[in-house]
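Each remark here refers to the structure printed beneath this line.
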Amino acid sequence: MRDANRTAIRGCLAGLALVLLAVLAGCAQPASAPATTAAAVATGREPITASDEPETRKRARIRIELASGYFEQGQTTVALDEIKLALSADPTYAPAYTLRGLVYARLNEIPLAEDSFKRAQQLSPRDPDVLHHYGLFACQLGRYPQAIELFQQALASPVYGSQAKTLMAKGICEVRAAQFPEAEGSLARSYELDPGNPITAYNLAALQFRRGENAKAQFVIRRLNNTDLANAETLWLGIKVEQRMGNTEAMGQLAQQLERRYPESREWASYQRRAFDE
């Protein structure tokens, strides 16, 4: 299981650019299938448990669990079929609309995705899972104020268990909106909550480097590059940080790793050109 998780994280980290929110959408978990305690508390309802779950809701939940698995495997058509069956069983099940929004967003069916997220929010207006995914969608469309507000609403839930994930998404969206001090605050808080997340670490260090906070960037990127999740991009960022700080020995060690592990990479080509400011 650990190896599988590491493989998944490497896949999410590979090709990551500072503001590439599409990676976040691809790595984000689909809408949770059962009615969560967080959502129930946020809407003022008791959580639905096995003893009182209506049969129609149970059928919808099981269908969405199946649909989530198909979505993760890239089988969007099959996922949509399962979502349709779920909504036939229970047309008021908000996670079904959230997942449908994610599927349509992946298919670039923007109006259909928008309608799905809006419906999910209407049904469960303070559900942090709905708000998080709708925020990702809005940010990808460049609707930054709306996205950041949706993230803020998700983070306001007192029982939300995925604060680090939403703070990461909010921080990257704030970078896209050129709100750099706010972005650093969001990413730093996400990093505090989940220092092992390589996407957060890379984006935080890249932003700190961009803002000239070299010692902070060095601390974060060194920690990441000392794990087996380091890749060509993280090594290249580490090289640029050490070069700016005049640490030629550390820079050389990172360059040796970059050449040995990624000799055909764009980052190694940039190093050979000494293109530290690109």
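The values are calculated or read from the model by the stated rules, or taken from the named source; none is laboratory data. Keep in mind that what you see is a predicted model, and the values were worked out from it rather than measured. Virtual Cβ from ideal backbone geometry, glycine too; neighbours counted across all protein chains shown. Remember, those area values only see protein heavy atoms, side chains included, never the ligands or the DNA or RNA. Shrake-Rupley method; radii C 1.70, N 1.55, O 1.52, S 1.80 Å.
Restrict the check to the stretch 17-34 and report whether at least one residue is over 30 Å from residue 204 (Cα atoms), modelled with pLDDT under 95 and touching a helix residue (DSSP H, G or I) at 6+ places or on another chain (Cβ under 8 Å). Checked the stretch 17-34: at least one residue is over 30 Å from residue 204 (Cα atoms), modelled with pLDDT under 95 and touching a helix residue (DSSP H, G or I) at 6+ places or on another chain (Cβ under 8 Å). The set of residues in the stretch 124-135 being assigned to a loop (DSSP other than H, G, I, E, B) and of a type in the set (D, E, K, R) consists of 126, 127. Within the stretch 139-161, one or more residues are open to solvent by 30 Å² or more (accessible area, probe 1.4 Å) and at positive phi.
With respect to the stated conditions, residue 160 fails to be out of contact with any Leu (no Cβ under 7 Å at 6 or more places or on another chain), under 19 Å from residue 184 (Cα atoms) and of a type outside the set (S, T, N, Q).
Comparison of 169, 206, 215 shows that the only residue that is among the hydrophobic types (A, V, I, L, M, F, W, C), more than 27 Å from residue 243 (Cβ to Cβ) and at pLDDT 95 or above is 169.
Taken over the stretch 54-91, residues that are surrounded by fewer than 16 Cβ atoms within 10 Å (Cβ to Cβ) and not in a helix (DSSP H, G or I) amount to 5. So which residues in the stretch 183-213 are in a helix (DSSP H, G or I) and surrounded by fewer than 16 Cβ atoms within 10 Å (Cβ to Cβ), if there are any at all? Residues satisfying the conditions are 185, 192, 193, 210. Could you list, in sequence order, all residues of the stretch 222-252 that are among the polar types (S, T, N, Q), open to solvent by 30 Å² or more (accessible area, probe 1.4 Å) and under 23 Å from residue 196 (Cα atoms)? Of everything in the stretch 222-252, those that are among the polar types (S, T, N, Q), open to solvent by 30 Å² or more (accessible area, probe 1.4 Å) and under 23 Å from residue 196 (Cα atoms) turn out to be 226, 227.
Exactly one residue out of 233, 267, 249 is in a helix (DSSP H, G or I), over 21 Å from residue 175 (Cβ atoms) and of a type in the set (D, E, K, R), and it is 249. Scanning the stretch 92-123 for residues that are of a type in the set (S, T, N, Q), surrounded by fewer than 22 Cβ atoms within 10 Å (Cβ to Cβ) and either touching a residue at least 60 places away in the same chain (Cβ under 8 Å) or part of a helix (DSSP H, G or I) (or both) gives 121, 122.
Would you please list the contacts, defined by Cβ atoms under 7 Å and residues six or more apart or on different chains, that run from a residue in the stretch 255-270 that is under 11 Å from residue 233 (Cα atoms) and open to solvent by 50 Å² or more (accessible area, probe 1.4 Å) to a residue that is modelled with pLDDT of 95 or more and among the hydrophobic types (A, V, I, L, M, F, W, C)? These pairs meet every condition: 262/232; 262/268.
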